[in-house]
Amino acid sequence: MKSSDDHLLWGMFSLREALYLSFCAIFIVIAKAVLRLHLHVTGHSMVFTMFFMILARGCVQRKGAATFVGLIAGVMCLVLGMGAKSGPLVILKFLLPGIVIDVAAILYPLLAQRYVACIIVGAVAAGSRVIILGLVDWLVGMDRELILQHMVLLSVMNMGFGAIGGAMVPPVARRLAAHGLIPSAGPNP
Amino acid sequence: MSLSAFQRIGWQFSAVDSRLHRISAGWKMAGMLAMCSAAFIGKSFPNLLALLALNVIGYRLGRVKTVEMWKDMRFFMIQTVIVVALYVLRDGIYDGVLPGLRTSLQILLFFMPGALFLRVTPSSQLMRSLRRWLPERIAFFVFISFRFIPYFAREISDISMAQQLRGARIDKRSLANPRNWPGLFHCLMVPLMIRVMKTAEDAALSTEARGFGKTGPSHSSFPVAKECE
């Protein structure tokens, strides 16, 4: 995505980049709301969450892009009351996958256009959400062994759906790159 | 899909008037944090049951219906089954059930005040409260995102309709078959992303024209952030 020179938000994104990322967060919220009305499968919303987060990082190749999407989506979900299962921790549940995606993109800038990378990162980022639950388990005094078992049980579905969402990114990102809308191998400052 | 679709989801604000509704969001948040902390501190059954009673009284004071309270809590029943099962597998039925139930109750009591908070706090009050904590520019993007939800919901619907007329299998019935899912991403997401980029470009120009992001003295009597409230 084209960017202007003047940067806001601690010098990280231009105004249009930040708006684009905010709009990606809107789609996460819309998808979460729509799927919630029709499906009752644990972790299914991870398909679109991972899709939009990884795609956003592919389109805006700057550090913190996915984290910013996660922050906006998290605050929106909190305000709309879509995360009471986690209470105020819902913001963290969106921030953590964003941080994972950003770290992965720093290590491998071509992330959004590679199937294997997207699937792995989608699964890991989606799985990272259960860290919050693990933290709560630890705070209530559960044994470490049980916390791990609990986290594994809950992360399986999340990781599966996250991997599916990640797998959907490369065809879209490649088509956008082919049309010159996003850089195919842009800089990663 | 419009904003009204969000109203049908659970864990939503209950539009009634009560004493809890009238307390400011800041005080409610402080109370919620205290109740969450109490769930970790009170580890014995009597303490936890007293805390549960306090939460239920909170729901009653907030005039939240029992059905709505059940909707908030039913997810944790699944959690309870998982946690108790893990304890039983490790310690056996006699030694595992009670510790499992106690831990599940603690987890429930950690999240219950948050659910109650969202039930008795309207979005406008929550946003006012968040604006004090969030940096001004982040708050601006949150508010502008809310403004664009109906717009993009309409865009999705329009693009989907246009693609279906061209023969794309992205209607509800076709999407029941997972083999049609890639079509959803190919036919819907690419045009949608292009539309998003164009909208971001237009919105950025519009926002810049209103002086957003300028560090010098303001030349406008209408700050953008205030307009977007």
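Throughout, read-outs are computed from the coordinates displayed, never taken from laboratory work. Since the model is a prediction, treat every value here as computed from it, not as a measurement. Please note: Cβ atoms are built from the backbone with ideal geometry, for glycine as well, and neighbour counts cover all protein chains shown.
How tilted is helix B:93-120 with respect to the longest principal axis of chain B? Cα atoms for both, answer in degrees (0 to 90, nearest 10).
40 degrees
Using a ≥ b ≥ c from the Cα gyration tensor of region B:26-85 (square roots of the eigenvalues), is it rounded, prolate or oblate, where a/c under 1.5 gives rounded and otherwise the larger of a/b and b/c decides, a/b for prolate?
Taking the square roots of the gyration eigenvalues as a ≥ b ≥ c, region B:26-85 is oblate.
Taking R0 as 25 Å, what's the FRET efficiency between B:S174 and A:R174 from their Cβ-Cβ distance, rounded to 0.05?
Efficiency at R0 = 25 Å is approximately 0.55.
Within 10 Å of each Cβ in peptide B:193-206, how many partner chain Cβ atoms are there on average? Round it to a whole number, please.
That works out to 6 on average.
For region A:91-102, just list the computed ³J(HN,Hα) in residue order, Karplus coefficients 6.51, -1.76 and 1.60, θ = phi - 60°, integers in Hz, with x standing in for Gly and Pro.
5, 5, 5, 9, 5, 4, x, x, 5, 4, 5, 5
May I ask you to evaluate 6.51 cos²θ - 1.76 cosθ + 1.60, the Karplus curve with θ = phi - 60°, for each residue of region A:169-176 and list the ³J(HN,Hα) values in order in whole Hz, giving x for glycine and proline?
Result, rounded to whole Hz: 6, x, x, 5, 4, 5, 5, 5.
What list of ³J(HN,Hα) couplings, whole Hz, do you get for region A:130-143 from phi and the Karplus terms 6.51, -1.76, 1.60, once you set θ to phi - 60° and write x for glycine and proline?
6, 4, 4, 5, x, 4, 5, 4, 5, 5, 7, x, 6, 5
For a paramagnetic label modelled at 7 Å from the Cα of B:S24 toward its Cβ, which residues of region B:134-155 fall within the zone defined by backbone nitrogen distances under 20 Å?
Counting only backbone N, you get B:134-136.
Using the number of other C-beta atoms within 10 angstrom as an exposure proxy, rank B:K43, B:K172, B:K28 with the fewest first.
In increasing order of surrounding Cβ atoms, one gets B:K172, B:K43, B:K28.
Give me the net charge of B:I170's neighbourhood, meaning all other residues with Cβ under 14 Å from the Cβ of B:I170; Lys, Arg count +1, Asp, Glu -1.
+3
In nanometres, what is the gap between the two model label sites at B:S124 and B:M77, each 7 Å from Cα along Cα-to-Cβ?
It is 3.6 nm.
Quick one: if the Förster radius is 30 Å, what FRET efficiency do A:L110 and B:R195 give, using the C-beta to C-beta distance and rounding to 0.05?
After rounding, the FRET efficiency stands at 0.75.
Considering every residue in A:68-79, what mean count of other chain Cβ atoms within 10 Å of its Cβ is obtained?
Other-chain Cβ atoms within 10 Å of each residue's Cβ, averaged: 4.
Long-range amide H contacts for A:F13: which residues qualify at under 5 Å (H placed 1.01 Å from N, peptide plane, sequence gap of 5 or more or a different chain)?
A:L8
Within the set of other residues whose C-beta is less than 15 Å from the C-beta of A:P97, count the net charge using Lys and Arg as +1 and Asp and Glu as -1.
Overall, the nearby charge balance is +3.
What ranking do B:L116, A:L148 get, fewest neighbouring Cβ atoms within 10 angstrom at the top?
By the 10 Å Cβ count, ascending, the order reads A:L148, B:L116.
What whole-number value in cubic angstrom gives the convex hull volume per residue for the C-alpha atoms of the protein assembly as shown?
Per residue, the Cα convex hull of the protein assembly as shown comes to 153 Å³.
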